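Structure, as structure tokens:
The values are calculated or read from the model by the stated rules, or taken from the named source; none is laboratory data. Fair warning: this is a prediction, and the values are worked out from it, not measured in the lab. Positions of Cβ are backbone-derived with ideal geometry, glycine not excepted, and every protein chain shown enters the neighbour counts.
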Amino acid sequence: MKEPLTDRVAVVTGASSGIGAAIATAFAQEGARVVLAARRADKLASVKAKIEAGGGHAIVVDCDVSREDDIVALFAEVQRAYGRVDVLVNNAGRSGHMAIDEASLAYWNDVLAVNITAAFLCSREAIKIMKAQHPQGGRIINIGSVSAKTPRPDSPAYTTTKYAMHGLTHALTHDGRKYGVVASVIHPGNTFTGFSTRPGPGAGATPADYIMDSADIARIAVLMATLPPEVNLFEATVLPNNMTSFIGRG
């Protein structure tokens, strides 16, 4: 019996660690041919080796998503290697914690470039391929944040990008219908990633300190990617049960 993503081509940005690496690994386990995109070539090579050790298939493309030419080159390489794109995961991002009265314009622009402009550019290039391929269509999965619903203190740039990611997802789904392209967004709560200060996922000093494993988010991405073409899980908010900063806030 074939795995549900067998021979489908999935591009994952920010695939060198954290949620991106977990999603890429999960997709490969489901049979996808995975394109790993990020700046850290050594980390990408480690993810690729793990995937191949598990019997999966992956290629590595060095890509700085803050650069339009790198993104265009990424999708040109995907087109050359596979001739199609079935799934795009816009995961690349950077954290941002700075009070608005201390933030420079350069800082603001840098956060927006990585967290939202890159998602726009990757989606643009992916849709060009998805429209032209046969069968036509594909899925775009955007990684948002619960900050799009309940912002952290002193994070105006980061919060803005996550609200924008939700809007971009809505627009892509609305406009992509006629090409068989749909978009989804995952809003993770506290998750162990490359930005985490904790040594690993799991329980902390109190139940409210629990931090999810990136694999928990990857399971949702697999579900979104493997639904029938006529069905879309548009939005998923995934968080620890005791994450009081979200559910507990009035």
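What the table below lists for this structure:
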{"read-out": "The range 142-167, subset of a type outside the set (A, V, I, L, M) and touching a Lys or Arg at 6+ places or on another chain (Cβ under 8 Å), residue farthest from A119 (Cα to Cα)", "value": "T150"}
{"read-out": "Flag for L88 being more than 14 Å from the chain's Cα centre (by Cα) and at pLDDT 95 or above", "value": "no"}
{"read-out": "Options D101, D42; residue that is out of contact with any strand residue (DSSP E or B) (no Cβ under 7 Å at 6 or more places or on another chain), in a helix (DSSP H, G or I), at pLDDT below 95 and within 23 Å of I143 (Cβ to Cβ)", "value": "D42"}
{"read-out": "Residue list for the range 95-115, restricted to those being polar (S, T, N, Q) and surrounded by fewer than 21 Cβ atoms within 10 Å (Cβ to Cβ)", "value": "S95, S104, N109"}
{"read-out": "When residues of the range 51-70 are limited to those that are in contact (Cβ under 8 Å) with a residue 24 or more places away in the chain and part of a helix (DSSP H, G or I), the one surrounded by the most Cβ atoms within 10 Å (Cβ to Cβ)", "value": "I51"}
{"read-out": "Hits in the range 16-34 - residues which are within 22 Å of P188 (Cβ to Cβ), not acidic (D, E) and not in a helix (DSSP H, G or I)", "value": "S16, S17, A32, V34"}
{"read-out": "Every residue from the range 217-235 that is part of a helix (DSSP H, G or I) and either crowded, with 19+ Cβ neighbours inside 10 Å or in contact (Cβ under 8 Å) with a residue 60 or more places away in the chain (or both)", "value": "I217, A218, R219, I220, A221, V222, M224, A225, T226"}
{"read-out": "Tabulated pairs, the range 10-30, first touching a residue at least 60 places away in the same chain (Cβ under 8 Å), second crowded, with 24+ Cβ neighbours inside 10 Å and among the aromatic types (F, W, Y), C-beta under 6 angstrom, 6+ apart or interchain", "value": "A10/F27"}
{"read-out": "Pair list, Cβ under 8 Å, 6 or more apart: the range 136-151 residue surrounded by fewer than 24 Cβ atoms within 10 Å (Cβ to Cβ), other residue of a type in the set (F, W, Y) and not in a strand (DSSP E or B)", "value": "Q136/Y179; G137/Y179; V146/F246; S147/Y158; A148/Y163; K149/F246; T150/F246"}
{"read-out": "Only one of A76, A118, A126 that is crowded, with 17+ Cβ neighbours inside 10 Å, within 18 Å of V9 (Cα to Cα), touching a helix residue (DSSP H, G or I) at 6+ places or on another chain (Cβ under 9 Å) and aliphatic (A, V, I, L, M)", "value": "A126"}
